[in-house]
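The values are calculated or read from the model by the stated rules, or taken from the named source; none is laboratory data. Predicted model, so just to flag it, every value in this text is computed and none were measured. In this analysis, Cβ positions are derived from the backbone assuming ideal geometry, glycine residues included, and neighbour counts consider all displayed protein chains.
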């Protein structure tokens, strides 16, 4: 599909128009982005996920109470929850938020493919929220791009424009709720099922449920902060440097003052650091690894025993296929015409460009991939590490050993 093709998902804008005019610049309301949308989970199913140990969930209550029973404007509780938690809740003014639902529910993970006009490695996860009337998390700001898709009920959204990072927030709660929120004229809407709102980072917004069973899907995107990037890249580079590479000042002139840290010394140190870090090939290897790190380290379950490569190939040739494990992340980068790096779940694996591109796409993982050199061994390794898996419930859900 061409980047200039109009997309109903974007209200008729092309990917090029959206990226050029809206992405990380300004909000966009899209009526009927998903005209036939049905909520992929019921409220009860979402609550069931929130009761599981491994799943990140929060309950946000307005007019709550602290641990001592004192009234609070907001109260935040973290899962896992139980039936008693939901039984005590009032009929309004609370929200349940469940993170990374795409890691656990295939129907939710499928929604990510509709956002393929953006790099897959930029996707973070899908959060789903449920709220009865009045449910909200207060006016706040997120530091990432997000698409807010209404899948059930109605939610009233009000936007407040770009907000400085130092904007005052309500203290004493585990939420960054703004103390002051002023609605931007004209940016005040009620979203119906199928409507979607795009918000760039740093844009204040406030959403309040207007009806029973209000369900909102939040598709979030990851972006490293400058401090995270500098620290992570420096650590990655540092692991490859020999101890013999050090500050050097051979040929320096005698100092005027032996206690002074002079400009020449600083320039030598600056040159050492910049020469060490300014390596595009190394930057690419680090970036691919950091952007494919799993959201949850324990999400992927390695196999206990190595997969026999020939047996795996035979299974695929007999008609079996593998799937990318929910929550697993893939990306790739060509090094030259014959070599590439496949980035998978925080690691970088050598292979051919065509195989790397296929595995990092949504293409089937079946016998056709075996035509690529080294494919069988690479696929077996990905299965062993938990990045690939047999389809659940299939007869192929066996170790081909």
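Quick notes on this one:
- The stretch 205-231, residues that are touching a strand residue (DSSP E or B) at 6+ places or on another chain (Cβ under 6 Å), under 22 Å from residue 123 (Cα atoms) and at pLDDT below 95: 222
- Qualifying positions in the stretch 229-249 - surrounded by 12 or more Cβ atoms within 10 Å (Cβ to Cβ) and within 19 Å of residue 292 (Cβ to Cβ): 229, 231, 232, 233, 236, 237
- All positions within the stretch 74-129 that are assigned to a strand (DSSP E or B), at pLDDT 95 or above, within 16 Å of residue 51 (Cα to Cα) and touching a helix residue (DSSP H, G or I) at 6+ places or on another chain (Cβ under 9 Å): 96, 97, 98, 127, 128, 129
- Of 161, 207, 186, all but one fail to be in a strand (DSSP E or B), in the same structural domain as residue 29 (by TED's automatic domain parsing) and surrounded by fewer than 16 Cβ atoms within 10 Å (Cβ to Cβ); the exception is 161.
- Residues in the stretch 1-44 that are assigned to a helix (DSSP H, G or I) and surrounded by 15 or more Cβ atoms within 10 Å (Cβ to Cβ): 9, 10, 15, 17, 18, 19, 43.
- Considering residues of the stretch 140-154 that are in a loop (DSSP other than H, G, I, E, B) and at pLDDT 95 or above only, the residue farthest from residue 170 (Cα to Cα): 153
- Residue 378 fulfils the conditions (1) in contact (Cβ under 8 Å) with a residue 60 or more places away in the chain; (2) assigned to a helix (DSSP H, G or I); (3) touching a strand residue (DSSP E or B) at 6+ places or on another chain (Cβ under 7 Å) except for a single criterion, (1).
- Considering residues of the stretch 342-366 that are surrounded by fewer than 16 Cβ atoms within 10 Å (Cβ to Cβ) and closer than 15 Å to residue 123 by Cβ only, the residue modelled with the lowest pLDDT: 362
- Residue among 168, 193 that is in contact with a strand residue (DSSP E or B) (Cβ under 8 Å, 6 or more places away or on another chain) and modelled with pLDDT under 95: 168
- Test: residue in the stretch 287-303 that is surrounded by 15 or more Cβ atoms within 10 Å (Cβ to Cβ) and over 17 Å from the mean Cα position of the chain (by Cα): no
- Taken over the stretch 267-324, the criterion of being in contact with a strand residue (DSSP E or B) (Cβ under 8 Å, 6 or more places away or on another chain) and at pLDDT 95 or above is satisfied by 284, 285, 288, 289, 291, 292, 316, 321, 322, 323, 324.
- Among the residues of the stretch 368-391, those identified as over 22 Å from residue 295 (Cα atoms) and surrounded by fewer than 18 Cβ atoms within 10 Å (Cβ to Cβ) are 368, 370, 371, 373, 374, 377.
- Odd one out for residue 319 among (1) more than 27 Å from residue 297 (Cα to Cα); (2) touching a residue at least 24 places away in the same chain (Cβ under 8 Å); (3) assigned to a helix (DSSP H, G or I): (3)
- Residue selected from the stretch 90-111 under the condition out of contact with any strand residue (DSSP E or B) (no Cβ under 6 Å at 6 or more places or on another chain) and buried (at least 16 other Cβ atoms within 10 Å of the Cβ), by the criterion farthest from residue 77 (Cα to Cα): 111
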